Amino acid sequence: MRPLASLQVHSFSRVRQPPVERRVRVLQTSATLDRNGHAFAPFAIDVRFGSDWHENDIVGCAYTGSGELYVKRGDTYRPASYLLGKYDAAVPGVCEAAPPRT
């Protein structure tokens, strides 16, 4: 797959222009387990337009065992290929922490 930045073109239109810069933040230093027992780490991508940074432009999670990435759209999580124009259905249960054990 090509990087997200290579798919964006600078041109004159009403569509939001691509950011000048992006940065990724890992939101937790330790992995969290989902309901199926798989470990994931949440992340956020911030973007910069001019001199202003906009936090949490894209949020999602990365599964540490498989390397799968999911991004949040609305209230659901979809595979990261969704950002590249591939329509993938929402995946229930991913990026959601399991309830604490009692």
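A few comments on the model shown:
- Residue in the range 65-88 that is under 26 Å from ARG101 (Cα atoms), over 16 Å from the mean Cα position of the chain (by Cα) and modelled with pLDDT under 95 present: yes
- In the range 20-46, the qualifying residues are those that are over 21 Å from LYS86 (Cβ atoms) and touching a Lys or Arg at 6+ places or on another chain (Cβ under 7 Å), and the one that is modelled with the lowest pLDDT is VAL20.
The values are calculated or read from the model by the stated rules, or taken from the named source; none is laboratory data. The structure presented is a predicted model; accordingly, all values stated were derived computationally and were not measured. Don't worry about glycine lacking a Cβ; one is built from the backbone with ideal geometry, like all the others, and counts go over all protein chains shown.
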